[in-house]
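I have placed the structure first, in the form of structure tokens, so that the comments after it can refer back to it.
Values in this text are rule-based calculations from the coordinates and carry no lab data. Keep in mind that what you see is a predicted model, and the values were worked out from it rather than measured. Because the Cβ atoms are built from the backbone with ideal geometry, glycine has one as well, and the counts that use them run over all protein chains shown.
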Amino acid sequence: MREGIYSVGQPIIQVEDLHKNYGEVQAVRGLSFAVEQGEVFGLLGPNGAGKTSTVEILEGLRTPDRGLVRVCGLDPETSGNAFKQNVGAVLQSTSLPDKLRVKEAIEMFAQFYRTRADTDQLLKQFQLEEKRSAFYGHLSGGQKQRLALAMALVNNPQVVFLDEPTAGLDPQVRREIYDIIEQLRREKKTVLLTTHYIEEAERLCDRVAIVDHGQVIALGTPRELKRGSAGTTRIEVRLARPVGDGALRRLDGVADCREFDGSYVLHSSSTAQTIVALVKHLESENNELHSLEIFSPSLEDVFIELTGRRLRE
Amino acid sequence: MSTTWTLTKMRMRLAVRNRAFFFFSLVMPLIFLFGAVMFFGKGAANAVAYVLGAILTLTVMGSFWGLSVQLVTFREQGILRRFRLAPVGASAMLASSILSNYFLTMPVVVLEIIICRYAFHLRSWGNLGAIFVLVTLGSAAFAAFGLIVASVTNTMQETQMINNLIWMGFLFLSGATVPLAVFPGWLQRCALFIPATYLATGLESAATNLATAGEMAGDITALTLGLVVAFEISRQLFRWEPEAKVPRRAKIWVLAALLPFLAFGAWENVTGHRLSQVRRNFQMLDNRAMPLRMERPR
């Protein structure tokens, strides 16, 4: 830990009543949360929820309209290089010059900092050793993202911001990135992660803030949040003919029912009872069941319960 | 300083890996050199000195083009915002552009002088000290002018359009391509408000070894002032983000960049010294038998 910047007991990231507008659009509306040192903290929400605006304010890339922001006890906007020395980040949209080699890129960025990690070790850790002489423009999407992660760690930062680090990557590469983030957790790095992938938040985050329309609508550990959603099972069904969701809501065990794009999402406290009741209801209505899927409670259910929408609508 | 040097090395690496850079920075100036010596010089050694001054001007003025295009590309592609996350300031970013461009321009300048001396039988090396100072200040000042354009344009198309407009003025009104002395008087007077004119007349005088200390001081002052003002303006207007708007005050800043040359132009129009210098230099081309003054023993 670098001295004189952050004191123990104080949250390493502090956000209070944050506001950010783009013209008439209110991207962030009074968002507040705090992250403890060594925590992997997730901002989970749909596209346009205000996650990237929030994280870019925390990185010092954007100016907030109102509110308090502190990272390692510093104001990202006004602390300049003292702040930058302490943080690493993977941006959602960024690039490097195509004709820059992998090794050159990571070494160049390392030279900007007072504290420098071993760049050879980072290349090894991120499986980029074989690509050290490759031009950035010749890397695959996954390799570019791994390089971005490696570069975020060249200064051995206290806090790492990862803005949608797996967006657009195939499942295998995504799993590789998950392994890297889990390793960061083992190394006790503080990580702030934004995502709209449920499994990412559930698997990687110690605590999650669910964000919608620029506000935190729920905050806690994934387990706490799921428990808070009444521990219901999600049953998704597709029917031959539409029915009113009021009828399905009255079925045995159903706590909630909502329609999304022609399919019905039922939250049930008694799965077996609900399915039996559903089949009976469809027979009596001369309707047919096209598909039925059962999901154990997830953060998606929490989001649906709180907003009435799916995360990726 | 180490950040600037780190960025400078990166910029130089990127430039030498770029084929377009080789063509525009090395091949094209040499094509111009051979063409100009054949067309204007017609093989006369005295005229070669005049032509060399013009070619050096073109080479140095090329700094205006490349940097603005590269900076806008970096911004459009989100490269600048990655640097912004690191402890890298706008000054280091801009200074590294200027320095890398200078280090890459200098060898071309040296090559052009050597070719003129040995292939085209240039009688004298000219005033090498003055050439060095003018090339150094000129490449930095014109690079800084390019960086202003990059700061006030949002897209590559916009940058190229504005670059073309300004470049045409630099090219044809400075005397770098068509000798200023052949233009009508009123156009010569207008040319005195263009920064490129100071570089062109300075380098022509230095290459022909006709420059007096006073004339050199005037050119050096104009280019130094141009460099300082342009660098500060490009620093003030620097934008890291592609979506960042050009600030309203940008137009005022851009006008401020013109102020030194408006002042110099007005001064030169009153005194008439520079136009006399332009006509005197041109005699090297016009009267090819004219002996070189202050010619050093071979």
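Worth pointing out:
- Rg/Rh for chain A stands at 1.05; both radii use Cα atoms, and Rh follows the Kirkwood definition.
- Under the convention that each Lys and Arg Cβ holds +1 and each Asp and Glu Cβ holds -1, the size of the dipole of the protein assembly as shown around its Cα centre is about 2500 debye.
- Between A:Leu100, A:Leu61, A:Ile198, the Cα set farthest toward the positive side of the dipole of region A:13-223 (charges on each charged residue's Cβ, about the Cα centre) is that of A:Leu100.
- With Cα atoms as the point set, region A:212-280 shows a radius of gyration and Dmax of 13.9, 43 Å.
- If only the Cβ of Lys and Arg carry +1 and only the Cβ of Asp and Glu carry -1, the dipole of chain B around its Cα centre is close to 460 debye.
- Largest GNM mean-square fluctuation among A:Glu176, A:Glu59, A:Glu288, using chain A with Cα springs under 10 Å: A:Glu288.
- Histogram of C-alpha separations across chain B, 10 Å bin width, %: 6, 29, 34, 21, 8, 1, 0
- Reducing region B:16-74 and region B:119-188 to their Cα centroids gives an inter-centroid distance of 10 Å.
- For the protein assembly as shown, the antiparallel share of DSSP beta bridges with both residues in that region comes to about 70%.
- Residue of B:Glu204, B:Glu268, B:Glu243 that the Gaussian network model of chain B assigns the largest fluctuation, springs spanning Cα pairs under 10 Å: B:Glu243
- Counting every C-alpha pair in region B:172-286, the share spaced more than 19 angstrom apart comes to 50%.
- For region B:4-19, 3J(HN,Hα) computed residue by residue from phi via the Karplus equation (6.51, -1.76, 1.60; θ = phi - 60°) reads 4, 5, 4, 5, 4, 5, 4, 4, 5, 4, 4, 5, 6, 8, 10, 5 Hz, glycine and proline entered as x.
- When the Gaussian network model of chain A links Cα atoms closer than 10 Å, the mean-square fluctuations of A:Leu58, A:Leu266, A:Leu192 top out at A:Leu266.
- Karplus-derived 3J(HN,Hα) values for region B:62-78, using 6.51 cos²θ - 1.76 cosθ + 1.60 with θ = phi - 60°, are x, 4, 4, 6, x, 5, 5, 4, 5, 5, 5, 4, 4, 6, 4, 7, x Hz; glycine and proline are entered as x.
- Peptides B:28-35, B:123-130 ranked from most to least packed give B:123-130, B:28-35, packing being the mean of other C-beta atoms within 10 angstrom over each peptide's residues.
- Percentage relative contact order, chain A, counting C-alpha pairs under 8 Å, at least six apart: 19 percent
- Relative contact order [Cα under 8 Å, 6+ residues apart], region A:232-296, whole percent: 47 percent
- Remark: region A:1-121 carries a charge dipole of roughly 160 debye about the Cα centre, counting +1 on each Lys and Arg Cβ and -1 on each Asp and Glu Cβ.
- Placing unit charges on the Cβ atoms of the charged side chains and taking the dipole of the protein assembly as shown about its Cα centre, the candidate lying farthest along the positive direction among A:Leu91, A:Ala150, B:Phe145 is B:Phe145.
- Gap separating the Cα centres of region A:118-149 and region A:77-104, nearest whole Å: 15 Å
- Its residues counted as N, the protein assembly as shown yields a C-alpha radius of gyration over 2.2 N^0.38 Å of 1.29.
- Normalised by the number of residues in chain B, the mean separation of alpha-carbon contacts (under 8 Å, six or more apart) gives a relative contact order of 28 percent.
- Karplus 3J(HN,Hα) series, Hz, for region A:64-79 with 6.51 cos²θ - 1.76 cosθ + 1.60 (x for Gly, Pro): x, 7, 7, x, 10, 9, 9, 10, 6, x, 10, 7, x, 6, 10, 8
- Under 5 Å from the amide H of A:Gly88 lie the amide H atoms of A:Val159, A:Val160, A:Phe161, each residue being 5 or more positions distant or on a separate chain, with H modelled from the backbone and absent for Pro and chain starts.
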